[in-house]
Structures are given as C-alpha cells and as structure tokens.
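Reviewing the structure listed below.
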Amino acid sequence: MSKLEVRTDTVSFTSAPLASDMEAIGPVVVELHIRSNLPHTDFYACVCEVDAAGRALQVVDGYRRLRPTDPPEQSGAVRRVCIECWPTAYRFKRGHRVRLILASGAHPRYARNLGTGEPLGTATHMVSAHQEILHDPAHASAICLTLGAPHDTLPA
C-alpha cells in the first residue's frame, strides 16, 4: 500500500478486475456528493491502477478547495463537488483494477485548509473537518473517464 492509502483520513474504492484492457483518453473528473461540518474544506482524489500483486500506481489526481458557496449546497446540506484531474492517456490492463483514493487534503503537496476561512498567511487556528461521502442512487459519486475504443475494434 502507498503512504496515501495507509493514512487514517483516506478512503478508497476499488473495482473488480477488468475483463479487458481499458483506455482512458482525455479529461478525468471525480464527482462527489459530500456533507461536511465545515464550509471551508478540501477534497483530494487519486485515480490508480492496481496490478495483480496489489500494487497501486497513480495515474492521475486532482484537488478541490471548497468555500461556503462554491460549490453551493443542494438539499440536506449536500454539496456536489467536481474535482478536475489532469487529462490522461492511459491503458488500464486486463486483470488489473481501478482504484479511487479520496482524502480531505494532500499536505504538503497542497497547502493545508485550516477550515476557518482565514487567510493562510495570517491564520491563527485550525478546525478539523468531518466529511461524509454519499454514494446512493440519488447521489452517484463517480469517476468520469473518456474511454477509447477496444483494440480489437480499431481499424487496421
């Protein structure tokens, strides 16, 4: 497991083994439906390929800093968060799995969100965020990939 995966503030979701190679080409967006006790909070998403030995290789990642009205709340304090990752051109191999790792920060890569809304350079205290990621028919959190054509259907 990677250092990110063993942190106590992360959660991961892993697919079943892929039946065939899968090419992701273009933009990658992770769509989350969340609730948080803080209007100022962050979400980090990391899309990985997991090989047959269980090793996760990072493919692409993204980060989103939330503010009180960005994105706005929907019903029941739920917020729809779109994390735009870097575009990719990547082939996930047959038998491997796709993993999504989520965290509420990625310090030191990204500056900590102190949760208070104070400017980072002059902030004097920090508040812990408590996050809930929803995944049900009304709140379909997902990885959005643009998939290429399978190799056996490409023209010669």
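The values are calculated or read from the model by the stated rules, or taken from the named source; none is laboratory data. Just so it is clear, the model here is predicted, and its values are computed rather than measured. Glycine gets a Cβ as well: all are built from the backbone with ideal geometry, and neighbour counts include every protein chain shown.
Name the single residue, out of those in the range 123-133 being touching a Leu at 6+ places or on another chain (Cβ under 7 Å) and in contact (Cβ under 8 Å) with a residue 60 or more places away in the chain, that is surrounded by the most Cβ atoms within 10 Å (Cβ to Cβ).
The qualifying residue surrounded by the most Cβ atoms within 10 Å (Cβ to Cβ) is Ala129.
If you check Leu120 against the conditions, is it surrounded by 13 or more Cβ atoms within 10 Å (Cβ to Cβ) and either farther than 19 Å from Pro27 by Cβ or at pLDDT 90 or above (or both)?
Details: surrounded by 13 or more Cβ atoms within 10 Å (Cβ to Cβ): no; either farther than 19 Å from Pro27 by Cβ or at pLDDT 90 or above (or both): yes.
Taking the combined requirement at face value, the residue does not satisfy it.
For residues in the range 69-117 being at pLDDT below 90 and over 18 Å from Asn37 (Cβ atoms), which is surrounded by the fewest Cβ atoms within 10 Å (Cβ to Cβ)?
So the residue we want is Pro108.
With the checklist (1) of a type outside the set (D, E, K, R); (2) more than 18 Å from the chain's Cα centre (by Cα); (3) under 30 Å from Gly148 (Cβ atoms) in hand, flag the one item Gln74 doesn't pass.
(3)
Quick one: which of Ala52, Ala77, Ala56, Ala142 is aliphatic (A, V, I, L, M) and over 22 Å from Ala16 (Cβ atoms)? Even if it seems obvious, please write down each step before you answer.
Values: Ala52 fails: over 22 Å from Ala16 (Cβ atoms); Ala56 fails: over 22 Å from Ala16 (Cβ atoms); Ala142 fails: over 22 Å from Ala16 (Cβ atoms).
Answer to the check: Ala77.
Being outside any strand (DSSP E or B) and closer than 20 Å to Ser12 by Cα is true for just one of Arg99, Arg109, Arg65, Arg80. Which residue is that?
Numbers: Arg99 fails: outside any strand (DSSP E or B); Arg65 fails: outside any strand (DSSP E or B); Arg80 fails: outside any strand (DSSP E or B).
None of the other options fit; the residue is Arg109.
Cβ-Cβ below 7 Å, separation at least six or inter-chain, first residue in the range 72-99 and in contact (Cβ under 8 Å) with a residue 12 or more places away in the chain, second surrounded by 14 or more Cβ atoms within 10 Å (Cβ to Cβ) and among the polar types (S, T, N, Q): which pairs?
What qualifies is Arg97/Thr14; Arg97/Ser15; Val98/Ser15; Arg99/Ser12; Arg99/Thr14.
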